[in-house]
Amino acid sequence: MAETVTQLLQARADDDNLAITYEGHRWTWREYVRDAEKTAAAILSVADASRPMHIGTLLGNTPDMLIALAAGALGGYVTAGINNTRRGDGLTADILRADCQILITDAEHRPLLEGLELPGVTVLDTSTPQWTDLIAGAGDLTPHSVPGAMDTFMLIFTSGTSGNPKPVQFAHMMIPFAGPVLADKYDIGPGDVCYLSMPLFHSAALMGGYCVALCGGAAIAPAKFSASTFLDDIRRYNATYMNYVGKPLAYILATEEKPDDADNPLRVAFGNEATDRDIDEFSRRFGCTVWDGFGSTELAIIITREPGTPHGSIGRGFPNVAVYSSSTITECPAAEFDDTGALRNPDEAIGELVNVEGGGMFMGYYNDSAATNERLRHGMYWSGDLAYKDADGWIYLAGRTGDWMRVDGENLAAGPIERILLRVPEINRVAVYAVPDEHVGDAVMAAVVLQDGVELSPESFTEQLAAQADLSPKAWPRYVRIADDLPTTATNKILKRTLKQEGATAGDGTLWVREARSQEYREAVSASA
C-alpha cells in the first residue's frame, strides 16, 4: 500500500486514463507523471543542494500548479504553497518564512512580485522562453531524496483568520491516508472528473480534492472559483465531484436559480464549514449529495457529520476530540438547552476544541517552535476554535477564541448568534463580532450580505429576530452592516479581524443601529455610529 504521494504518482506512470482537463487541453496520467518528472529534473538542475530544498509556487489552479505539486513529490523536495491573495510585505514574509530558494510563478502572478525584496530567491516564470528552455534541457530525473510517509510533502500556510499565516508541515502520508477513504465512499474512479476550484496551495483542496483524484484515478479539472460560472464549468468538464471550503456554497446559492439547475453531472460535493441551510438548499437545487465535515489546516482535529446530525451541529468528533476549558484544563460539562433551544450554560459548556491525545497528524509549524508549542500544551492540541458538546456528543461551533463578547456582564459567543441570524431567509452570509460599547464591555455587531436581488428592511429584520425564541435579548446585534460582500481569506473564510478594525461603521454599505433596551433598528445618518 502506498504511503507517500511519490508512490501514488509512480503507480500511475503507465495509466492512460484522463488525469487533467483544462480549457480544451488534456493530459493522461502517463503524460502528467512524465511532465512532472521533467519539471523536477529541471528544478533540481538549478537548485542549491546546500540549502533547504524548498520550492515555492505562486500560481493559480492550473496545470502548472498540478505539475509543480507532482514534481515536488517525484523530485523528493518540499513544495511551499504560496497564497496568491497575499500582497506586499505579507507576501514577502510568506516566501522568506518558507525558506524558498526557488519560486515558480506565471504571467498572471509575476506582477505581484514587483518591488519586493526577496534575497536568495530565484524566480522562474512558466510563461517565459527561459522556462521552456529549462524544461527542454533537463536530463533524466535523479531525485533529491526518496520521501518517507512522515516527510514533508508541502508547507501549507494557515488561513490567517486570527493572525499571520503560519506554515504547516504537511506530511506525505496525508494524501494516501485520506484519498482511498473518500474515493471509496463516493465511488470515484476513472471516468469521474473532480472539479477543484479551491486553492491548491491549501490543505482543503489537497485533502478534499487532489487526494480523491490521485487515489481513485479520476481526472482533475482545475479552475478559479466563480459563483457565476460554476454551473457552466460543471457541465463543460462533465464534473461528477467537487470540493469546497468556507462559503462557496453560499456564493453559488446567491445567484439566480434556474429551472434546469439540477440538469448537471455533479453527484457529490464534499467540504467543510457550510451551513445547514446551504447544505440542504445546494443538494436540492443542483441534484447532488453534499457531505460536510470539519478539519483544521493542522489536521489534528477531525469531526464528521453522520445521519442524524442535529441542525446547527458539525457532527461528532473522533474519539480523541473534546471540549476543554483553557483556564482549568478540564473537560467542559455537556451543553444544556432550555425549552426554546437556547444554550442555558454557555460559560461552563463553551470551551476550546482539543485533541486530548496530542498533535495527531499535526507535524508542527515550519521553523516556528513558539507557535507550535502554543498549539501543543498540557499534552494536548488546542485548536483555537470555540465549541460546545451536548450530552449525546454532538459538537457545535461557537467561533474562534477571539470571538468571545462581554455584553452587559454576560459572556456571548458569536457562533450561536450567527446560526440564528441565518434563519432570516433574506440573509446569505453573516459575521458576528464585538465592537466597543460606548459605556463598558462589548456591543454585538453583525455584518450581513443579502441574497441577490432581495431587500430587507429594518422593520422586517426586527420582526424576524423577535420570532426567534432562543435569541437572548443581549445577543440582539446593536449594529448591523448591510454589505455587498465581506472580506475573506483565500479559503473563503470571513476575516473578522478586518471587520473589527473597521468598528461600528457602514464601510461601503449601510449601517443600522439599535438603541440599548430597544428592539427597533434605524438607519444611521452617517458612516459610523
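The values are calculated or read from the model by the stated rules, or taken from the named source; none is laboratory data. Since the model is a prediction, treat every value here as computed from it, not as a measurement. As a convention, Cβ positions derive from the backbone with ideal geometry for all residues, glycine included, and neighbour counts pool all protein chains shown.
Only one of A49, A40, A70 is in contact (Cβ under 8 Å) with a residue 24 or more places away in the chain and under 20 Å from A223 (Cβ atoms). Can you tell me which? Let's see the steps before the verdict.
Numbers: A49 fails: under 20 Å from A223 (Cβ atoms); A40 fails: under 20 Å from A223 (Cβ atoms).
Within the list A49, A40, A70, the selection yields A70.
Output yes when any residue across the stretch 388-400 is touching a strand residue (DSSP E or B) at 6+ places or on another chain (Cβ under 9 Å), closer than 22 Å to I156 by Cα and not polar (S, T, N, Q), and no when none is.
Within the stretch 388-400, the first condition is being touching a strand residue (DSSP E or B) at 6+ places or on another chain (Cβ under 9 Å), and the residues that meet it are 388-400.
So of that shortlist, the ones also closer than 22 Å to I156 by Cα come out as 400.
If we keep only those that are not polar (S, T, N, Q) too, we end up with 400.
Yes.
From A136, A171, grab the single residue that is crowded, with 18+ Cβ neighbours inside 10 Å and either within 30 Å of T401 (Cβ to Cβ) or free of Cβ contacts under 8 Å to residues at least 12 places away in the same chain (or both). Walk me through how you get there before you give the answer.
On the way: A136 fails: crowded, with 18+ Cβ neighbours inside 10 Å.
None of the other options fit; the residue is A171.
Across the stretch 231-263, what is the total count of residues that are at pLDDT 95 or above and among the small types (G, A, S)?
2
Conditions (1) outside the structural domain of G72 (by TED's automatic domain parsing); (2) within 19 Å of T92 (Cα to Cα), marked per residue:
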{"residue": "G137", "(1), (2)": "no, no"}
{"residue": "M150", "(1), (2)": "no, no"}
{"residue": "F153", "(1), (2)": "no, no"}
{"residue": "V193", "(1), (2)": "yes, no"}
{"residue": "F201", "(1), (2)": "yes, yes"}
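How about the stretch 396-413: which of its residues are farther than 13 Å from D347 by Cα and touching a Phe, Trp or Tyr at 6+ places or on another chain (Cβ under 8 Å)?
Across the stretch 396-413, the qualifying residues are Y396, L397, D403.
Take the residues in the stretch 333-359 that are closer than 18 Å to D470 by Cα and β-branched (V, I, T); name whichever of them is surrounded by the most Cβ atoms within 10 Å (Cβ to Cβ).
I350
Here are some conditions: (1) out of contact with any Leu (no Cβ under 6 Å at 6 or more places or on another chain); (2) farther than 25 Å from A80 by Cα; (3) part of a helix (DSSP H, G or I). G191 meets all but one. Which one does it not meet?
Answer for G191: the failing condition is (3).
Residues that are at pLDDT 95 or above: find the strands (runs of 3 or more DSSP E) completely inside the stretch 265-384 holding 1 or more of those.
Numbers: elements: 268-272, 289-295, 302-304, 321-324, 351-355.
It comes to 268-272, 289-295, 321-324, 351-355.
Considering only the stretch 486-506, state which residues are modelled with pLDDT of 90 or more and surrounded by 18 or more Cβ atoms within 10 Å (Cβ to Cβ).
Passing the criteria: L486, L499, A504, T505, A506.
How many residues are at negative phi and part of a loop (DSSP other than H, G, I, E, B) when one looks only at the stretch 201-257? I'd like the intermediate steps shown before the answer.
First, the residues of the stretch 201-257 that are at negative phi: 201-216, 218-237, 239-245, 247-257.
Next cut, part of a loop (DSSP other than H, G, I, E, B) only: 201-202, 218, 223-229, 237, 239-240, 247, 254-257.
Number of matching residues: 18.
Please work out if G120 is out of contact with any strand residue (DSSP E or B) (no Cβ under 7 Å at 6 or more places or on another chain) and modelled with pLDDT of 95 or more.
Working: out of contact with any strand residue (DSSP E or B) (no Cβ under 7 Å at 6 or more places or on another chain): yes; modelled with pLDDT of 95 or more: yes.
In short, yes.
Tell me, yes or no, whether the stretch 80-94 has at least one residue that is out of contact with any helix residue (DSSP H, G or I) (no Cβ under 9 Å at 6 or more places or on another chain), surrounded by 24 or more Cβ atoms within 10 Å (Cβ to Cβ) and not in a strand (DSSP E or B).
yes
Taking the stretch 98-133 as the search range and keeping residues that are among the β-branched types (V, I, T) and in contact (Cβ under 8 Å) with a residue 24 or more places away in the chain, which one is surrounded by the fewest Cβ atoms within 10 Å (Cβ to Cβ)?
The first filter runs over the stretch 98-133 and keeps only residues among the β-branched types (V, I, T), leaving 102, 104-105, 121-123, 126, 128, 132.
Keeping just the survivors that are in contact (Cβ under 8 Å) with a residue 24 or more places away in the chain gives 102, 104-105, 121-122, 126.
Values: I102: 21, I104: 26, T105: 23, V121: 17, T122: 15, T126: 24.
For the stretch 98-133, the residue satisfying everything is T122.
Of the residues A254, A221, A205, only one is touching a strand residue (DSSP E or B) at 6+ places or on another chain (Cβ under 9 Å), of a type in the set (A, V, I, L, M, F, W, C) and within 16 Å of C288 (Cβ to Cβ); which?
Values: A254 fails: within 16 Å of C288 (Cβ to Cβ); A205 fails: within 16 Å of C288 (Cβ to Cβ).
Only one candidate passes the filter, namely A221.
Give the residue, chosen from R429, R423, that is closer than 19 Å to K474 by Cα and among the charged types (D, E, K, R). Show your work before the answer.
On the way: R429 fails: closer than 19 Å to K474 by Cα.
Only one candidate qualifies: R423.
Please count how many residues of the stretch 292-308 are on the phi < 0 side of the Ramachandran plot and free of Cβ contacts under 8 Å to residues at least 60 places away in the same chain.
Going through the stretch 292-308 one residue at a time, the tally reaches 7.
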